[in-house]
Structure formats: structure tokens, C-alpha cells
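Visitor: Attaching a single structure in C-alpha cells format; questions to follow.
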Amino acid sequence: RLGVTVIPTVVHVVFQTPVQNIDDAQVRSQIDVLNRDFRKLNPDVANVPDAFKPLVGDAFIEFRLATRDPLDNPTNGITRTQTTVAAFDTDDSVKHAAQGGADAWPSDRYLNIWVCRLAGGLLGYAQFPGGPRDTDGVVITYTAFGTTGTAAPPFHLGRSATHEVGHWLNLFHIWGDDGTACTGSDQVDDTPNQAGPNFGCPQFPHITCGNAPSGDMFMNYMDYTDDACMFMFTKGQTVRMQAALDGPRASIGT
Ligand code: ARG
Ligand code: ZN
Ligand code: CA
């Protein structure tokens, strides 16, 4: 497809305590990060090592908070739901009003993002294309969402949502989800083979799986490094996301 795809987005804020009820500005700060990261407009892309610079990709995707709700009434694209659930799990209860969460808006027309307190230090999780409609979207914990308010270092630069929306657009983890073996693949040709996830902020180069001299692409959004240390998708990853927009996610966006 040609040009930029705009994805209508709804953010469901599900809160138990007042501090979890993040304000509109924090929500907008996250949308701003997505709009930089998926258009290669993030200033820290300058930190990509020279060896990887030719591989950096522009996904040509923009995110807009919805201006119309599913019933065509005006909206600011943010829903707010008070819950008695102290912390949510990956069981998708945050996606159901009957389980203390908020119901998804039709996932063929909206990207659903739920923000809540996640249990166990989990930053976020996502559903890949092709799954059930009522659970489609991504979930981010309230301390790793956006760049203001409750966003807490080292996950305070909005990259958890960038990572999870990458999954929602069919990207796998860059190390191939094979534990730390060198046998798995993320099905993308221009990401180096890499043993396992990287954490924190590694020093370049970090060699595994015989991937010298440049080593792991640990600054890729689909690794597990800190927010300040991930700042690129590859061209191959953007091709894969565009394929998702032409295929299983074709009904979304304009
Ligand atoms: N699902 C991953 C986790 O919860 C997301 C990692 C996102 N990484 C980041 N630097 N924000 O660990
Ligand atoms: Zn992931
Ligand atoms: Ca691997």
C-alpha cells in the first residue's frame, strides 16, 4: 500500500486507585511516542550504530485517538473505568467489563489499548493478528505508559507500547523466541540472528550466535532493553507490518 496508514486508537484507562487514573496528557504523550517511533521521527534514532543505520525503517503508520465511538458519537478516544481489581494478569480480564475491565471497541476499526496495573512486574502484552476480536489489542501497565505522570524509569519513554504494537502488527521478538538458542527466527531477514533477549542498556557490540562484527541489534524495539536504549525497527520489520495491514488487519486504518 502507498503512503501513511492512520490507525484509529482507543485507550481504555482501567483504574482501582486515583493514581492509576492517568490523565489525558499522559495518554497523548504515548500517542506522540508511537507517532515518532513508527515514522522514524524519534530523535534518538541518531544513536543507532553506523553498521545498522542503513537498516532503519519507517513503518509509515500513524495513530490517532478516535474522534467517533462505535455508536458514532463524538469521543476523545479515551475511556475510563473504575475497577475493584488490584492488579490484572495476562488472562484478558481487563478486556471485559464483566470481569472488572472495559470491553473492546470493534477491533476491525480500532486499535484497543488498555492501561491498568499489571501484576508481577509485567510491562505489557499483545495479541497477534488473527485472534479473537473481543481480546484484540495491547495492554500496558500504568507505570510504563507514556512519558509523563506515572511513567517510571527505566520504562518511562513509551517504548512498551511501541514494542506491543509491534506484536499487534505481527512482529516477533528479535531473538526468535527460542530461549537463548541460535536456531529460532523472527521471520525477518535484516535482523541479525541473536541468542536471547537483552536487558538494561548493553554496550555495542554484543556478539552472540556468531553475529560478529556488529552483534545483536539490541537497540531494536522488539528486544527487551530499557526504553532509552531501543530506538529502531528495521526495513524488514516494516515490510512485515505493512503485510499485516494488507492482510489480517486490512480493515483498519485509511
Ligand atoms: N512484554 C515485555 C515485558 O513485559 C515488554 C518489554 C518492553 N520493553 C521496554 N523496554 N519497554 O517485559
Ligand atoms: Zn514482546
Ligand atoms: Ca535465538
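The values are calculated or read from the model by the stated rules, or taken from the named source; none is laboratory data. Predicted model, so just to flag it, every value in this text is computed and none were measured. Cβ: placed from backbone, ideal geometry, glycine included. Neighbour counts: every protein chain shown. The protein model used for the area step is the full one, side chains on, heavy atoms only, and it has no ligands, DNA or RNA in it. Shrake-Rupley method; radii C 1.70, N 1.55, O 1.52, S 1.80 Å.
Visitor: Taking only Cα atoms and a 10 Å spring cutoff, compute GNM fluctuations for the chain and point out the largest among Thr191, Thr208, Thr183.
Guide: Among Thr191, Thr208, Thr183, the largest mean-square fluctuation in the Gaussian network model of the chain belongs to Thr183.
Visitor: So, R0 is 41 Å and r is the distance between the beta-carbons of Ile207 and Asp23; what FRET efficiency does that work out to, to 0.05?
Guide: So, using R0 = 41 Å, E works out to roughly 0.40.
Visitor: Which percent of the accessible area of the stretch 89-207 is formed by carbon and sulfur heavy atoms (probe 1.4 angstrom)?
Guide: Carbon with sulfur: 52 percent of the solvent-accessible area.
Visitor: Ok, one more. So for each of 60-69, 108-117 I average, over its residues, the number of other beta carbons within 10 Å; can you give me the resulting order with the highest mean first?
Guide: Order by mean packing, descending: 108-117, 60-69.
Visitor: Just tell me which lysines come within less than 29 Å, Cα to Cα, of Lys235; anything on the same chain fewer than 8 places away is out.
Guide: Lys235 reaches Lys40, Lys53.
Visitor: Now for a separate question. Using a 1.4 angstrom probe, figure out how much accessible area the chain has per residue, in square angstrom, rounded to the nearest whole.
Guide: With the other protein chains kept in place, the chain gives 42 Å² per residue.
Visitor: Using a 4.7 Å cut-off between beta carbons, which cysteines in the chain end up with no partner cysteine at all?
Guide: Cys116 - these cysteines have no disulfide-compatible partner (Cβ-Cβ under 4.7 Å) in the chain.
Visitor: Would you mind putting 16-24, 158-166, 216-224, 28-36 in packing order, based on average other-beta-carbon counts within 10 Å, highest first?
Guide: Packing order, densest peptide first, comes out as 158-166, 216-224, 28-36, 16-24.
Visitor: A follow-up question, please. Compute the distance in nm between two label points, each set 7 Å from the Cα along the Cα-to-Cβ direction, one at Asp189 and one at Thr254.
Guide: Computed distance between label sites Asp189 and Thr254 equals 3.5 nm.
Visitor: What fraction of the DSSP beta bridges in the stretch 1-160 is antiparallel, stated in percent and rounded to the nearest 5?
Guide: Antiparallel bridges make up about 15 percent of those DSSP assigns within the stretch 1-160.
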